[in-house]
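These notes are about the structure you will find just below.
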Amino acid sequence: MESPLLQLPGAVPADAPDQEIAAHYGEPAQEQRALEAGTAFVDRSDRGVVRVSGPDRLSWLHSLLSQHLERLAPNEPTQALLLSPHGHVEHHLHLVDDGEAVWAHVEPGTAPALAEFLDRMRFMLRVEVEDVSGSHAVVTVPEGAEVEAAAVLPDVAGLTARIIDRSELPALAERLRPAGIWAYEALRIAAHQARFGLDTDHRSIPHEMGWIEAAVHLEKGCYRGQETVARVHNLGRPPRRLVFLHLDGSVDRLPAHGDPLEIPGGRTVGFVGSAARHHELGPVALALVKRNVPVDAELLAGGVAAAQEVVVSPDTGANAQIDLRRRTANRG
């Protein structure tokens, strides 16, 4: 559903998967500074919103998702993953229970599939699943902003995500300066926060993305994909790892999503996820790289020189000794 804020003066539509909202409103650098200063908000109304109600909702979601939800307190936000039977990430949920229902927001275009899956799993339990993306929207606002919301969740850089009535978007733009998704993405990437669908692929597992602490509870009961999570956690060494990239600022372009990540000589060792221009750090990106690539190896991201910063250790896992491998002088 296209955002009404795309009709504002200067609004430029973003690229997929965010084509229904604005990339910026004519001043991307200033918008980013205003957002970080707490004087702007971001329209993220292309994100899906799913509401789960009914007295069995928490114990039921607890049995399906990676997070411990059975005793989730009202208004306590958390994250959870829906995994495939082989442990690959299928959905990343940001959720909160308001005492009557669980509200979750997910990536653009994914709410129908998530709601359909959940609906199939209800059986005889007292739960109701609704895709309410048509009536509700996600916005990112300063923490103290007075915005009436159905749900409030933490976000990057001290901001908060609110799930509001979609009809309130135009009025919000009259009270706060709108900043485009480019501004938000720059802060997200700088915070090393992976985004499902952009920084992941069909093979991504939670350990690779750094989602273990935030979205996975390692001591809860059975759920789909748990065997993979437990195996990697106990043995360590996932196949790939998330890295933060400082890109060559002298190049006038950013690498595109899916561009190859190479080491000198042209060997591909991963792919670029998301990239942005940060108002202080310059061009930055997140990428997935093979675990055995040295943590200080110089890389090429879509042909752009990049220095990596560790987000996920090559040896992540409870019983693995974390020893970041660095090249010695005789290895060059």
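What to note about this one:
- Selection of region 78-106 for residues being touching a His at 6+ places or on another chain (Cβ under 7 Å) and either β-branched (Val, Ile, Thr) or outside any strand (DSSP E or B) (or both) yields His88, Val106.
- Hits in region 202-240 (condition: open to solvent by 40 Å² or more (accessible area, probe 1.4 Å) and either under 22 Å from Pro260 (Cα atoms) or among the basic types (Lys, Arg) (or both)): His202, Arg203, Gly210, Arg224, Arg231, Arg237, Pro239
- All positions within region 14-52 that are free of Cβ contacts under 8 Å to residues at least 24 places away in the same chain and either crowded, with 16+ Cβ neighbours inside 10 Å or in contact with a Cys (Cβ under 6 Å, 6 or more places away or on another chain) (or both): Gln30
- Filter result (surrounded by fewer than 22 Cβ atoms within 10 Å (Cβ to Cβ) and outside any loop (DSSP other than H, G, I, E, B)) within region 53-77: Ser53, Leu58, Ser59, His62, Ser63, Leu64
- Filtering region 10-26 to residues that are in a loop (DSSP other than H, G, I, E, B) and in contact with a helix residue (DSSP H, G or I) (Cβ under 9 Å, 6 or more places away or on another chain) leaves Ala11, Ala14, Asp18, Glu20, Ile21, Tyr25.
- Tyr184 satisfies every condition listed in (1) part of a strand (DSSP E or B); (2) out of contact with any His (no Cβ under 6 Å at 6 or more places or on another chain); (3) within 16 Å of Arg47 (Cβ to Cβ); (4) touching a residue at least 60 places away in the same chain (Cβ under 8 Å) except (1).
- Residue among Arg241, Arg267 that alone is without any contact (Cβ under 8 Å) to a residue 40 or more places away in the chain and basic (Lys, Arg): Arg267
The values are calculated or read from the model by the stated rules, or taken from the named source; none is laboratory data. Given the structure is predicted, the values throughout are model-derived calculations rather than measurements. Every residue, glycine among them, receives a Cβ derived from its backbone with ideal geometry; neighbour counts consider all protein chains shown. What goes into the accessible areas is simple: the full protein's heavy atoms, side chains included, and nothing from ligands, DNA or RNA. Shrake-Rupley method; radii C 1.70, N 1.55, O 1.52, S 1.80 Å.
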